[in-house]
Amino acid sequence: MKDNDYEIIDSIAPDDRAWQEWKTLVEDEGWTSDDLSVLTLTPSLPTTRIVLARKSSDKSFIGTVIWNEYNNIAFIGFYLLRPEYRGKGIGSLIWERAIRRMPKNYTIALRAVPSMAERYKSKDTPVEGAALRCYEMDNETLAQVAKAHASKEHNVKMVNELNPTEYEQLEQFCFSVVITTLDSANLSCNR
């Protein structure tokens, strides 16, 4: 890639291929703090904002900063670049552009992998607040726990075991929870 063979954009449609490339990178990085429905929901949420870097020549994904704005908070959930573009300054460009786009009167909150916390603290998010810890459980243990607590009324399945209809039902349920939460909190989403 030539040094200038990229573009930075502030908005993409929920069905843009960049979202799938982003989702693949999140999975490849092993970011497991959310169930994977977050990767499906994020592109379509009315609160989602994005700054995206992609190659000009073929529009392939380079990196992104993704955040959600609600209730006077800009919550940065994802900041990542494909490994081959790290250390070239593109990440800093999209980070700075994202920070400039966030409303000045909003509190900036972010979720970070531990290895990046010091970098964020040295830049635009110097205050460290409460820490959320993530614990992982392997699939076998999760299945054993689920089976031990299952009843005839419930059918326990892993997400990757769902057929397309079941997955769509799960996705619709997740959307209903998010929308209900936004509505009940009387949050406004300004675009």
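Readers should treat all values here as calculations from the given coordinates under stated rules, not as data from a laboratory. Just so it is clear, the model here is predicted, and its values are computed rather than measured. Glycine also receives a Cβ, built like all others from the backbone with ideal geometry; neighbour counts cover every protein chain displayed.
Some observations on this one:
- Using alpha carbons only, the radius of gyration of the range 6-134 set against its Kirkwood radius gives Rg/Rh = 0.93.
- Cross-link table K55/K121; K121/K147; K104/K157; K55/K104; K23/K104; K23/K88, entries beyond 32 Å C-alpha to C-alpha: K121/K147; K104/K157
- By other beta-carbon atoms within 10 Å, ranking R100, R54 with the fewest at the front produces R100, R54.
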